[in-house]
Amino acid sequence: MSDHQDNQPKSQSKSGPLTVLRSVISAAFGVRNSRHRGKEAKFRHYVLAAVIFVVLFLIVVNSVVRLVLSQTA
């Protein structure tokens, strides 16, 4: 008897940081590719990446607004 689990390919591969980052950025823009649905990472990786993305986004927006306001004043 052979073990059937060894012969089957893994359906869920490990997701790297770039895959998680790509998913978070695409989710921020409301675009999601259906082929990436099978490559899910752990929930905490998405939460961490989303928090970092939001903080960086707010810093960039704040910097742009301050730059524009300083140019007009």
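The values are calculated or read from the model by the stated rules, or taken from the named source; none is laboratory data. Quick caveat, the model's predicted, so the values are computed rather than measured. Areas reflect the complete protein model, heavy atoms only, side chains present, ligands, DNA and RNA absent. Shrake-Rupley method; radii C 1.70, N 1.55, O 1.52, S 1.80 Å.
Per-residue Karplus couplings for segment 19-27, computed as 6.51 cos²θ - 1.76 cosθ + 1.60 with θ equal to phi - 60°, are listed in order as 5, 5, 4, 4, 5, 5, 5, 5, 5 Hz, Gly and Pro entered as x.
Couplings 3J(HN,Hα) for segment 63-73, derived from phi with the Karplus relation 6.51 cos²θ - 1.76 cosθ + 1.60 (θ = phi - 60°), are 5, 5, 5, 5, 5, 5, 5, 6, 6, 8, 8 Hz, where x marks Gly and Pro. Stretching the chain fully between Leu18 and Val65 yields a gain of 14.0 nm (0.36 nm per residue, less the alpha carbon separation).
Accessible area ranking (1.4 Å probe, heavy atoms, ligands and nucleic acids excluded), largest first, for Leu67, Leu18: Leu18, Leu67.
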